[in-house]
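See structure below.
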Amino acid sequence: MGTKRTIELEVATSGVDAQGKATRVPLGVADQTGVGILTDREEPALGGDHMLVNIGPQHPATHGVLRLVVELDGEVVVRVIPHIGYLHSGFEKLGEYRYYNQIVPLTDRMDYLAPMSNNVCLALAVEKLMGIEITERCKVLRVIACELSRIISHLVWLGTTSIDLGAFTPFLWCFQERERVYNLQEMWTGARLTTSLTRVGGLMADIPDGFTEGVREFCATLPKTMDETDRLLTRNGIWCARMQDIGILTAEEAINYSLSGPMLRASGVPYDVRKDRPYLDYETYDFEVPIGEKGDVYDRYLCRFEEMRQSVRILQQALDRLPDGPINVDDSRVSLPPKSEAMNDMEAMIFHFKQVMEGIEAPVGEAYMPIEGPKGELGYYFVSDGTAKPVRFRVRPPAFINLAALPKMAEGHLLSDLIAINASVDIVMGEVDR
């Protein structure tokens, strides 16, 4: 028969006493062989180097073609260096060699998760430069476009962030709702992703029959999906543990980093371009701006979640006040004349030809126009030398500026927390690299 062997943890035997009982060496005291025995309160001084880990630039969990060079001490993040430029397309420089209306397709591809709001911002900037006042129907339709864009952008963020943190079901719910908005976009513009909705002085087309009914149905059913998602996530223990007290930014820090959108408002700063610098008559709509308290990942989640509910309120009000009338300004030097006129009237044909071949000339000057995009303050800046092409074209992309705060938020957190923090920034690399 084999002998039984007893192992006692955290003690070591060294010899026997006079009665033959084994003596116990106190922890932390060297035995006769000179081998030190550690106490349970001491950590081994193992030493070692920090480790560099590359996250990206492949797409999953980086929310775009982003490369994060992470310096780790064990699993604790010491430093994060975002490397951008893998998707650089040169949209700003391309815009300086295009007529103003030809820049619209470039804006689709910046924030490709909310193309219609990008289209609207560009048109507003050029119209400010040219001193153009758009029609009342066009204003309301642009508000509808912007709020639909805000909802689908937040739905993508919520669904992909859920996957990053281990919840797959909300992803399916969010993308199902997003698909319904894409059907509406396709009904309106003929495209699902690259909409190119706006034109200087108006829109590329009026809404078709059945569009308003489709938006009303969407506004009636989206809250049900949001309630289901709320029940699944907001008080979920795993969800809260992965988000609460992670990636905190104070109000002062958020302002110093020039953050905007939900990133800024989650830190308690009540800045919203729709309220503070109104455009498209947003000051006449009744809606609230959600504000956070701690500025952590959880507050950013709550802010975006509530913003979708507020966008539904705005959409319902916009549908109720949608007036009849033209969508384009009544000026053949700015908006293309109707096809029926261009094919039957020589003067209309000339205006059509000159606009298409020579573009719309803007007066000498400069203009910057911001809007409240889904990710924050989106702004377009133009400098005109009096020709039909801008001499300078620059974009203020919110995701690019918000990304700068990532190293600050991630320091001292675990590597797994970095995934949640990066997701909370809600970046899209099309406008970061633009």
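Take the residues in the stretch 107-128 that are touching a strand residue (DSSP E or B) at 6+ places or on another chain (Cβ under 9 Å) and more than 19 Å from residue 273 (Cα to Cα), then tell me which one is surrounded by the fewest Cβ atoms within 10 Å (Cβ to Cβ).
110
Being in contact with a Phe, Trp or Tyr (Cβ under 9 Å, 6 or more places away or on another chain) and hydrophobic (A, V, I, L, M, F, W, C) narrows it down to one residue among 87, 165, 172; which is it?
Details: 87 fails: in contact with a Phe, Trp or Tyr (Cβ under 9 Å, 6 or more places away or on another chain); 172 fails: in contact with a Phe, Trp or Tyr (Cβ under 9 Å, 6 or more places away or on another chain).
Just one listed residue meets the conditions, 165.
Could you go through the stretch 181-193 and let me know if any residue there is of a type in the set (S, T, N, Q) and surrounded by fewer than 16 Cβ atoms within 10 Å (Cβ to Cβ).
At the first step, the residues of the stretch 181-193 found to be of a type in the set (S, T, N, Q) are 183, 185, 189.
Within this subset, residues satisfying the condition of being surrounded by fewer than 16 Cβ atoms within 10 Å (Cβ to Cβ) are 183.
Yes: the stretch 181-193 contains one or more residues that are of a type in the set (S, T, N, Q) and surrounded by fewer than 16 Cβ atoms within 10 Å (Cβ to Cβ).
Does residue 199 meet the test of being surrounded by 14 or more Cβ atoms within 10 Å (Cβ to Cβ), without any contact (Cβ under 8 Å) to a residue 12 or more places away in the chain, touching a helix residue (DSSP H, G or I) at 6+ places or on another chain (Cβ under 6 Å) and not hydroxyl-bearing (Ser, Thr, Tyr)? Walk me through how you get there before you give the answer.
Numbers: surrounded by 14 or more Cβ atoms within 10 Å (Cβ to Cβ): yes; without any contact (Cβ under 8 Å) to a residue 12 or more places away in the chain: no; touching a helix residue (DSSP H, G or I) at 6+ places or on another chain (Cβ under 6 Å): yes; not hydroxyl-bearing (Ser, Thr, Tyr): yes.
For residue 199, the condition - surrounded by 14 or more Cβ atoms within 10 Å (Cβ to Cβ), without any contact (Cβ under 8 Å) to a residue 12 or more places away in the chain, touching a helix residue (DSSP H, G or I) at 6+ places or on another chain (Cβ under 6 Å) and not hydroxyl-bearing (Ser, Thr, Tyr) - is not met.
Would a scan of the stretch 277-289 turn up a residue that is loosely packed, with under 13 Cβ neighbours inside 10 Å and either among the polar types (S, T, N, Q) or within 30 Å of residue 404 (Cα to Cα) (or both)? Steps first, answer last, please.
Keep residues of the stretch 277-289 that are loosely packed, with under 13 Cβ neighbours inside 10 Å, which gives 283-284, 286, 288.
This time we only want the ones that are either among the polar types (S, T, N, Q) or within 30 Å of residue 404 (Cα to Cα) (or both), so: 284, 288.
Scanning the stretch 277-289, I find at least one residue that is loosely packed, with under 13 Cβ neighbours inside 10 Å and either among the polar types (S, T, N, Q) or within 30 Å of residue 404 (Cα to Cα) (or both), so the answer is yes.
Are any of the residues in the stretch 196-214 touching an Asp or Glu at 6+ places or on another chain (Cβ under 7 Å), in a loop (DSSP other than H, G, I, E, B) and not hydroxyl-bearing (Ser, Thr, Tyr)? Steps first, please.
Kept after step one, since they are touching an Asp or Glu at 6+ places or on another chain (Cβ under 7 Å), are these residues of the stretch 196-214: 196, 200-201.
Those left that are additionally in a loop (DSSP other than H, G, I, E, B): 196, 200-201.
So of that shortlist, the ones also not hydroxyl-bearing (Ser, Thr, Tyr) come out as 200-201.
Within the stretch 196-214, one or more residues are touching an Asp or Glu at 6+ places or on another chain (Cβ under 7 Å), in a loop (DSSP other than H, G, I, E, B) and not hydroxyl-bearing (Ser, Thr, Tyr).
Kindly indicate which of 150, 180 is over 24 Å from residue 240 (Cβ atoms) and in contact with an Asp or Glu (Cβ under 7 Å, 6 or more places away or on another chain). Step through it out loud before you land on a result.
Details: 180 fails: in contact with an Asp or Glu (Cβ under 7 Å, 6 or more places away or on another chain).
Sole residue among the options that is over 24 Å from residue 240 (Cβ atoms) and in contact with an Asp or Glu (Cβ under 7 Å, 6 or more places away or on another chain): 150.
Determine whether the stretch 292-302 contains at least one residue that is touching a residue at least 24 places away in the same chain (Cβ under 8 Å), surrounded by fewer than 20 Cβ atoms within 10 Å (Cβ to Cβ) and not hydrophobic (A, V, I, L, M, F, W, C).
yes
For the stretch 286-332, which positions are over 21 Å from the mean Cα position of the chain (by Cα) and farther than 24 Å from residue 213 by Cα?
Scanning the stretch 286-332 gives 329, 330, 331, 332.
A short reminder: the numbers here are calculations on the coordinates, not readings from a lab. Computed from a predicted structure; not experimentally measured. Reconstructed Cβ throughout: ideal geometry from the backbone, glycine too, with neighbour counts over all protein chains shown.
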